[in-house]
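Down below is the structure, laid out as structure tokens.
The values are calculated or read from the model by the stated rules, or taken from the named source; none is laboratory data. Since this is a predicted model, take the numbers as computed values, not measurements. All Cβ positions, glycine included, derive from the backbone under ideal geometry; neighbour counts span all protein chains shown.
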Amino acid sequence: MSIIDKALEANSNYAKNYDPKLGKRPAPKIAVVTCMDPRLSDLPGILGLPQADLDVIRTGGPAVTEDVLGELVVSNRILGTTEILLLNHTGCGFTTFTDDELNAKLSASTGDASPAPMRFFSYKDPEQNTREQIKKVRSHPWIAKEIPVRGVIFDVDTGRLREVKA
């Protein structure tokens, strides 16, 4: 049985106890842009906030791409979030390669270079990356200027957050 088949089977049990009140429109208070790394999956625990307060946007890196900016605009202007948190972490897989290296490796291993150059948003320094992502968000004209935009780094070895000053 595949992992997806197991997930579909487990969902039938989940749905038996599902609270239909959870289906109403969300009203999150904070937008959190974080990495797709599974070590960051317990955001209510990491941040000490109720799940309902979190509008979570997961992306590799965590890179603030045009898509992420669009999601942040909707989160702020439509859903009503009043703060934005960029949550990076130590030990990110995106620090283990460069975009050029991965493009070359995938072109060689697949024999197909047509997608290259793809942008993977790799980086080396989590602090510098966090500062750059804060600047991208802050510079978008549709993100309300009064909205706080802050960045933190989650230490995967200790579970602690450390704020990055922009």
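Using the structure shown, decide if Leu85 is within 12 Å of Ala31 (Cβ to Cβ), part of a helix (DSSP H, G or I), among the aliphatic types (A, V, I, L, M) and modelled with pLDDT of 95 or more.
No; evaluated as a whole, the condition is false for this residue.
Looking at Leu43, Leu22, Leu86, Leu8, can you tell me which residue is surrounded by 15 or more Cβ atoms within 10 Å (Cβ to Cβ) and either over 12 Å from the mean Cα position of the chain (by Cα) or closer than 24 Å to Arg119 by Cα (or both)? So that I can check it myself, show each step before the final result.
Numbers: Leu43 fails: either over 12 Å from the mean Cα position of the chain (by Cα) or closer than 24 Å to Arg119 by Cα (or both); Leu22 fails: surrounded by 15 or more Cβ atoms within 10 Å (Cβ to Cβ); Leu8 fails: surrounded by 15 or more Cβ atoms within 10 Å (Cβ to Cβ).
On inspection, the qualifying residue turns out to be Leu86.
Give the number of residues within segment 133-147 that are without any contact (Cβ under 8 Å) to a residue 12 or more places away in the chain and not small (Gly, Ala, Ser).
Residues of segment 133-147 without any contact (Cβ under 8 Å) to a residue 12 or more places away in the chain: 139, 141, 145-146.
Okay, now just the ones that are also not small (Gly, Ala, Ser), so 141, 145-146.
Residues meeting the conditions: 3.
When both residues are 6+ apart or on different chains and their Cβ atoms are under 7 Å apart, which pairs have a first residue that lies in segment 148-166 and is on the phi < 0 side of the Ramachandran plot and free of Cβ contacts under 8 Å to residues at least 60 places away in the same chain, and a second that is surrounded by 11 or more Cβ atoms within 10 Å (Cβ to Cβ) and in a loop (DSSP other than H, G, I, E, B)?
If the second residue must be surrounded by 11 or more Cβ atoms within 10 Å (Cβ to Cβ) and in a loop (DSSP other than H, G, I, E, B), the pairs left are Arg162/Asp155.
Take segment 94-111 and flag every residue that is among the small types (Gly, Ala, Ser) and loosely packed, with under 12 Cβ neighbours inside 10 Å.
In the first step, residues of segment 94-111 are kept if they are among the small types (Gly, Ala, Ser); the result is 104, 107-109, 111.
Listed by number, the residues that qualify are Ala108, Ser109, Gly111.
Pull out all pairs, ordered by first then second residue, where Cβ-Cβ is under 9 Å, the residues are six or more apart or on different chains, the first lies in segment 106-128 and is on the phi > 0 side of the Ramachandran plot, and the second is surrounded by 12 or more Cβ atoms within 10 Å (Cβ to Cβ) and of a type in the set (D, E, K, R).
Listed pairs, sorted by first residue: Phe121/Asp99.
Condition check ((1) in a helix (DSSP H, G or I); (2) under 22 Å from Glu132 (Cα atoms); (3) of a type in the set (Gly, Ala, Ser); (4) out of contact with any Phe, Trp or Tyr (no Cβ under 7 Å at 6 or more places or on another chain)) across all residues:
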| residue | (1), (2), (3), (4) |
| --- | --- |
| Gly70 | yes, yes, yes, yes |
| Thr81 | no, yes, no, yes |
| Phe94 | yes, yes, no, no |
| Asp112 | no, no, no, yes |
| Pro115 | no, no, no, yes |
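Considering only residues that are outside any loop (DSSP other than H, G, I, E, B), of a type outside the set (Val, Ile, Thr) and in contact with a strand residue (DSSP E or B) (Cβ under 8 Å, 6 or more places away or on another chain), which ones fall in segment 37-57? Full working, then the answer.
So in segment 37-57, the residues outside any loop (DSSP other than H, G, I, E, B) come out as 38-40, 43-47, 51-57.
Those left that are additionally of a type outside the set (Val, Ile, Thr): 38-40, 43-45, 47, 51-55.
Across segment 37-57, the qualifying residues are Arg39, Leu40, Leu43, Pro44, Leu47, Asp53, Leu54, Asp55.
Looking for something surrounded by 18 or more Cβ atoms within 10 Å (Cβ to Cβ), more than 25 Å from Pro50 (Cα to Cα), touching a strand residue (DSSP E or B) at 6+ places or on another chain (Cβ under 6 Å) and not polar (S, T, N, Q) - is there at least one such residue anywhere in segment 124-142?
Yes - at least one qualifying residue is present in segment 124-142.
Does segment 1-39 hold any residues that are more than 30 Å from Asp155 (Cβ to Cβ) and basic (Lys, Arg), and which are they?
Within segment 1-39, Lys6, Lys16, Lys21, Lys24, Arg25 meet the criteria.
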